[in-house]
Every structure is written in C-alpha cells, then in structure tokens.
Amino acid sequence: MKSLHVGILLLIVYSTAALNQHQSERYQKFKIQHHNPVMSATATDCNSVINGRNISETNTGLCKWTNTFITATLDQINAVCPRNGRGLITSNNPFTFVECKLNSGDNRPKPPNCMYKVLQPPRLAKRIVIRCEAGFPMHFERCV
Ligand SMILES: *[C@@H]1O[C@H](CO)[C@@H](O)[C@H](O)[C@H]1NC(C)=O
C-alpha cells in the first residue's frame, strides 16, 4: 500500500512538473470539481461527492448552483488539451458526464449541507469545453 502511495505521488509530481504553482493549484481544483470516472447519475452521488470533496463556490464558500463531473479517466480528459497548449478547447470526442443542480431555495447552505439533484437526461455524451494552460485543464467551461 505504501509503495502504491509513493507511486501515485511520483506520478502526480511527474505529470505536473511543467506547471507553476498557480497552475498546479488550478489543475488540482479542476480535478476535485470535475473529474470522477466512477460516479453514477444519482442525487446520492452528487451529494456525497460534492459534500465529501467540500466543493463550494469560489469567494462565497456557498454550495455551487451547478457542478459537472466528467465521467472519464484523467488521461482522457487531459488529452483534450493540446501538448503545452492553452486556451478554450472543445473536445473532438464526446464525454459522458453528471450534471448536479442545487436543490434548495435562495438560502444557499455550505458544504457539508448541499443538496443536489441530477439534471436530466443523465449520461448523455457531449463534447466538453475546457480551458487549458501548459497542456493541462484548468477550468471546466461547459458541455456543447
Ligand atoms: C471547506 O472549504 C471551505 C472554503 O474553501 C473552507 O473554509 C473549509 O475549511 C473547508 N472545510 C473542510 C472540512 O475542509
């Protein structure tokens, strides 16, 4: 188990070696907010993943109105960014995703009390638009 952890750590260090600290933080945040290969399109999964990962709106810390998880491997998502490329990139291939929508009134709570529903239809594959820097995704823009 320990060697697996070291291996994963080395992989992370290696794969983000080209990123400066600010880029690295944004890449980590992108992964936390938008990457989940095993997520199912259920409110239960939206709630457990979003609250479990403490995903909240930047600046306010309140529950985000919507949050989209791309259900693909990290390699597949990273491959959307051109090598060392930057800018807003639309994927050539469609991705499946789960779009969680906040299920509460105007009085938005904070994690761990966010309550979500899944936007229908779940599991529809669409092309993703992401912002890349130094060849890595920094921001999820939308599905098209
Ligand atoms: C969750 O995120 C908020 C805002 O970034 C932070 O203030 C808080 O300490 C975090 N809570 C946990 C349990 O990590």
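Screening Leu19 against (1) at pLDDT below 95; (2) surrounded by 14 or more Cβ atoms within 10 Å (Cβ to Cβ); (3) under 23 Å from Phe97 (Cα atoms) leaves a single unmet condition, (3). Residues of region 91-110 being charged (D, E, K, R) and within 16 Å of the ligand (Cβ to nearest atom), which ones? Arg108, Lys110, listed by residue number.
Among the residues of region 32-46, the one identified as free of Cβ contacts under 8 Å to residues at least 60 places away in the same chain and within 16 Å of the ligand (Cβ to nearest atom) is Ile32. Within region 91-107, the set of residues being open to solvent by less than 40 Å² (accessible area, probe 1.4 Å) and either assigned to a loop (DSSP other than H, G, I, E, B) or among the small types (Gly, Ala, Ser) (or both) comprises Ser91 only. Summed over region 120-144, the residues that are closer than 18 Å to His35 by Cβ and not in a strand (DSSP E or B) give a count of 5.
Taken as a whole, the structure places Asn113 among residues that are open to solvent by 50 Å² or more (accessible area, probe 1.4 Å), closer than 17 Å to Ala43 by Cβ, within 16 Å of the ligand (Cβ to nearest atom) and of a type in the set (S, T, N, Q). Looking only at region 124-139, decide whether some residue is under 22 Å from Asn51 (Cα atoms), modelled with pLDDT of 95 or more and either small (Gly, Ala, Ser) or more than 16 Å from the ligand (Cβ to nearest atom) (or both). Within region 124-139, one or more residues are under 22 Å from Asn51 (Cα atoms), modelled with pLDDT of 95 or more and either small (Gly, Ala, Ser) or more than 16 Å from the ligand (Cβ to nearest atom) (or both).
In region 116-144, the qualifying residues are those that are open to solvent by 80 Å² or more (accessible area, probe 1.4 Å) and basic (Lys, Arg), and the one that is nearest to Asn93 (Cα to Cα) is Arg127.
Cβ-Cβ contacts under 7 Å between residues 6 or more apart (or on different chains), taken from a first residue in region 47-70 that is without any contact (Cβ under 8 Å) to a residue 60 or more places away in the chain and near the ligand (Cβ under 9 Å from one of its atoms) to a second residue that is of a type in the set (Lys, Arg) and open to solvent by 40 Å² or more (accessible area, probe 1.4 Å), are listed as Ser56/Lys110; Gly61/Lys110.
For region 24-54, what are the residues that are among the acidic types (Asp, Glu) and crowded, with 17+ Cβ neighbours inside 10 Å? Passing the criteria: only Asp45. Would you call Leu88 of a type outside the set (Val, Ile, Thr), open to solvent by 50 Å² or more (accessible area, probe 1.4 Å) and more than 16 Å from the ligand (Cβ to nearest atom)? Judged against the criteria, Leu88 is a match.
The values are calculated or read from the model by the stated rules, or taken from the named source; none is laboratory data. The model shown is predicted, which means the values in this text are computed figures rather than measured ones. We place every Cβ from the backbone using ideal geometry, glycine too, and count neighbours over all the protein chains shown. Areas reflect the complete protein model, heavy atoms only, side chains present, ligands, DNA and RNA absent. Shrake-Rupley method; radii C 1.70, N 1.55, O 1.52, S 1.80 Å.
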